[in-house]
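Step one of this worksheet: look at the structure below.
The values are calculated or read from the model by the stated rules, or taken from the named source; none is laboratory data. Only a predicted model underlies this, so the values are computations on that prediction, with no experimental measurement involved. Cβ placement follows ideal geometry from the backbone for every residue including glycine, while neighbour counts extend to all protein chains displayed. When the accessible area is computed, the model is the full protein with side chains, heavy atoms only, and any ligands, DNA or RNA have been set aside. Shrake-Rupley method; radii C 1.70, N 1.55, O 1.52, S 1.80 Å.
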Amino acid sequence: MSQAQRMTALLSDMSTLTRLDNMQTALTEKQAVDMVEIARQAIEDVRPMLEQKHIAIALDMPPKLPMQGDYNLLYTVYRNILDNSILYSGCTKISVTGNTQYEFAITDDGTGIDEKHLPHLFERFYRVDKGRSRDMGGTGLGLAIVKNALSLHGGICSAELTKPHGLTIRFSIPQN
């Protein structure tokens with residue numbers, strides 16, 4: 001990735017975080033969205049990367065999960081988590097799940113990370129492997145954006161190691 005592309009990605013992510021910070025603690029304008037459709041769109045948008053890296057993806061969700069929220073922010077949640085799984089995990093399979101309790105998980109079967117990184121994954125500019133993510137275009141802001149976007153929806157997120165290896169990012173959003 002060129003220096004100009006890295007700078008553009010960084011500015012875009014910083015702009016998103018600034019916008020999220022300015023929204024304060026809750027969204028003022030929500031619209032009807034379907035979490036399943038948002039997940040499907042994010043998966044479709046990363047499909048070329050999945051095919052290039054020979055990664056299988058499975059979607060296990062009910063036909064619809066309607067809620068009130070910001071489509072673009074919720075899309076960004078899925079997209080950032082999927083991008084991280086594809087770019088950094090070395091995985092061969094990703095699963096995206098959700099249920100009627102509005103609890104979601106994106107799991108990969110990749111190499112995982114050292115447990116010491118788990119508490120820091122959602123911090124701004126935190127990178128598990130600084131050199132590798134810089135080479136692949138990461139800004140260290142993707143999961144911070146995820147955390148802030150979910151917080152604005154009243155949601156939470158966490159990361160856990162998957163046995164025997166891999167990583168799961170879980171998030172939940174209250175039904176409204």
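The residue that is nearest to the chain's Cα centre (by Cα), counting only those in segment 11-36 that are open to solvent by 80 Å² or more (accessible area, probe 1.4 Å) and modelled with pLDDT of 60 or more, is ARG19.
Restricting the first member to segment 44-66 and to residues that are closer than 16 Å to ILE106 by Cα, and the second to residues that are open to solvent by 90 Å² or more (accessible area, probe 1.4 Å) and not polar (S, T, N, Q), the beta-carbon pairs closer than 7 Å and six or more apart or on different chains are ILE55/LYS93; ALA56/LYS93; LEU59/ARG40. Yes or no: segment 96-106 includes at least one residue that is among the small types (Gly, Ala, Ser) and part of a loop (DSSP other than H, G, I, E, B). Scanning segment 96-106, I find no residue that is among the small types (Gly, Ala, Ser) and part of a loop (DSSP other than H, G, I, E, B), so the answer is no.
Please go through segment 125-163 and give me each residue that is part of a helix (DSSP H, G or I), modelled with pLDDT of 75 or more and among the small types (Gly, Ala, Ser), ordered by number. Within segment 125-163, GLY142, ALA144, ALA149, SER151 qualify. Taking the numbered list (1) within 22 Å of SER151 (Cβ to Cβ); (2) touching an Asp or Glu at 6+ places or on another chain (Cβ under 9 Å); (3) part of a strand (DSSP E or B) in turn, LEU82 passes all entries but (3). Residues in segment 49-75 that are under 15 Å from MET35 (Cα atoms), in a helix (DSSP H, G or I) and open to solvent by 40 Å² or more (accessible area, probe 1.4 Å): TYR71, ASN72, TYR75.
Based on this model, can you work out whether THR92 counts as touching an Asp or Glu at 6+ places or on another chain (Cβ under 8 Å) and closer than 25 Å to ALA32 by Cα? Can you show your working first?
Working: touching an Asp or Glu at 6+ places or on another chain (Cβ under 8 Å): yes; closer than 25 Å to ALA32 by Cα: no.
No.
One residue stands out among those in segment 87-106 that are β-branched (Val, Ile, Thr) and surrounded by fewer than 21 Cβ atoms within 10 Å (Cβ to Cβ): the one that is farthest from SER172 (Cα to Cα), which is THR92.
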